[in-house]
Each structure stands twice: as C-alpha cells, then as structure tokens.
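See below for the structure under consideration.
Just so it is clear, none of the values below were taken in a lab; they were calculated from the coordinates. Only a predicted model underlies this, so the values are computations on that prediction, with no experimental measurement involved. For neighbour counting, all protein chains shown are included, and Cβ atoms are generated from backbone atoms with ideal geometry for every residue, glycine included.
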C-alpha cells in the first residue's frame, strides 16, 4: 500500500530538487553566477563595435538566454532548500531571497534589449545595400529608415550592456547574501 507523503513537512524536498542526493540549489546557482556576467561582458563587446556585434552578438544572446532560464531554476530550488530547513529563518537568508527576486526582471530587460539591438543591427546591416536584397532601386524612405536604425542600434546595445551590468550586480549582491546566510559574516 502506498503511503501519502505530507509535502508540507520540512524534511520533504522533491526528488527533482536533488542531484545524486545533493540539493540542486548550490549546483544551479553556478550557472547564474557564470552565465550572467559572461553575457554582460559579451554585451559590452557588442556595444563597443559594430564588427564585434556581428561576431559576438548571437553567442552573447545565447549566454543571456541561458542565464535568464537558469534564474527561475535557481530561485525555485532555493525556495525548496529553504523549506527543507524550516522556512525563511535568518535575516541574511531573507535578504538573499529578496535580492534574488531582482535578478529575473533585470535579466528580462537585458535579454529584450540585447535581442532588439541584434535584430535591428542585422536589419540595418542587410539594408545597407537594399538593391542587393530586392533588385529594386533604393528610395528616400529606405535611406531615412536606415539612418534611424543606424542611430538606434548603438543606443540599444549600450542600454543592453548597462542592463547586463545591473543584472550582474544583483547576482553579486544575491550571492554575497546567500554566502553570508550559510557561512556567517
């Protein structure tokens, strides 16, 4: 006969939140701590030069999306780990959890700005020679749109880099509070 497990008891942690018997949270946070700063560094390169945007844009976006996707896994596994140890005990743990809530929205802004800069940059690069794409002569509207896009791409790239740096800062603050909650001051 199967016994019903009371999932509200502190010792219960979903087997999904463990890897080889170890809590998933300390493992997953390494993805956040590595991917987000690397993506921010890539965004700085993308913002610095158009040639670097073309060379490093897609890999940077892949890192940013992977970092974004790792954040909910880190927070979910962290909540499970906190529940396993009886809830939101210390002030340092509460601070850690509060700071972690800032990472996801910042990463969403970062990924959207970076994707917009790369998409618009690619369109601008392709429209640099509109005759090659359509075979038709270019008109004044195409030139005006290209000029606006050309000015907007660096602005979006710089905003994306700033958002990446802010996300990295929140990751550092969150990690420091988490380490303090485990290891003390």
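Where the centroid of each part is defined by its Cα atoms, how far is segment 83-121 from segment 19-75 in Å?
13 Å
Take 44, 69 and order them by how many other Cβ atoms sit within 10 Å, fewest up front.
Details: 44 19, 69 14.
If I rank by nearby Cβ atoms, fewest first, I get 69, 44.
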